[in-house]
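Worksheet for the structure shown next.
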Amino acid sequence: MRARLSIVLGLVAGIAAAALVFGGIFILTPEPVGLPSPPPQVPETIVPAPSPLASSTPIASGTTVPSGSAAPSGSVAPSGSVAPSGSAASDGATGLFHIGEPAPALVVPQVGGGTINLENLKGKPVWVNFWATWCPPCVDEFPLMNGFAIRYAKDDLVVLAIDFKEDEGTVATFAEGLNTTFPLGLDKDGAVADRWKAAAVLPVHFWIDRDGIVRDGAAGGIGPDIMVRGLQSILPGVDVSP
């Protein structure tokens with residue numbers, strides 16, 4: 001009986017000792033260090049590319065043509081910067097065309113003899129055009145100008161075409177081929193065109209009222225609509241049509 005009790009006590013003591021050993025090992029073992037968590041994923045935001053919008057291409061302030069269509073082309077003179085083609089004068093271009101200012105002096109030899117002097121035309125509405133025979137838009141404009149000159153002669157309109165740096169024979173032959181009815185002047189050295197700021201691009205137009213004040217202007221190849229606008233500025237009360 002005593003022998004069995006001793007065996008049981010020995011087993012209990014062994015189990016207790018084993019429990020103490022394993023408990024100590026568990027307490028002394030360090031906790032594993034975990035790897036850092038990856039940062040939260042931010043959903044990617046896809047921004048759609050802007051779609052092309054229909055737009056207009058400015059030719060000059062107040063005048064536009066649809067994108068992709070060709071504006072009338074002016075002809076560049078031998079030197080100088082290029083002004084906008086087919087552009088009519090606006091508030092931003094008054095300095096270029098002398099809008100609201102007395103017209104600069106203009107005295108040149110006339111094709112066929114005599115002299116053209118703008119000062120002598122005070123009291124009449126005057127349309128001054130700087131041009132050259134080598135300028136394609138000038139060729140296109142001459143028949144239109146001829147028609148306006150004939151129709152509004154009864155309203156005292158005077159149209160003057162001042163050729164840029166060409167000889168009289170070349171200009172006379174050109175004018176005869178187009179049955180030109182208005183006076184043609186010769187700016188042989190380009191000094192007059194420089195004074196009028198018209199040497200950079202041809203053709204250039206100026207509309208001058210009866211008091212000698214410039215009321216409108218345009219540069220580059222223009223059509224009858226801009227011609228009508230210019231004439232209306234110097235023919236008040238007259239029904240001007242293309």
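Please treat every number below as a calculation from the coordinates, not as lab data. Values in this document were obtained by computation on a predicted structure and should not be read as measured data. FYI the Cβ positions are ideal-geometry reconstructions off the backbone, even for glycines, and counts take in every protein chain you see.
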Neighbour-count ranking [beta-carbon atoms within 10 angstrom, fewest first] of 241, 233: 241, 233
The stretch 173-238-the stretch 111-137 distance, computed between alpha-carbon centres (Å): 7 Å
Backbone HN-Hα couplings from phi across the stretch 212-222 [Karplus 6.51/-1.76/1.60, Hz, Gly and Pro as x]: x, 9, 6, 10, 7, x, 7, 10, x, x, 10
Whole-Hz ³J(HN,Hα) from phi, Karplus 6.51 cos²θ - 1.76 cosθ + 1.60, for the stretch 177-186, glycine and proline x: x, 10, 6, 5, 9, 9, x, 10, x, 10
Residue-span extension gain [residue 173 to residue 151] - 0.36 nm each, minus C-alpha spacing: 5.5 nm
Two-decimal log10 I(q)/I(0) for the stretch 142-242, as the Debye equation yields it once each C-alpha is a single scatterer, q = 0.12, 0.19, 0.25 Å⁻¹: -0.41, -1.04, -1.54
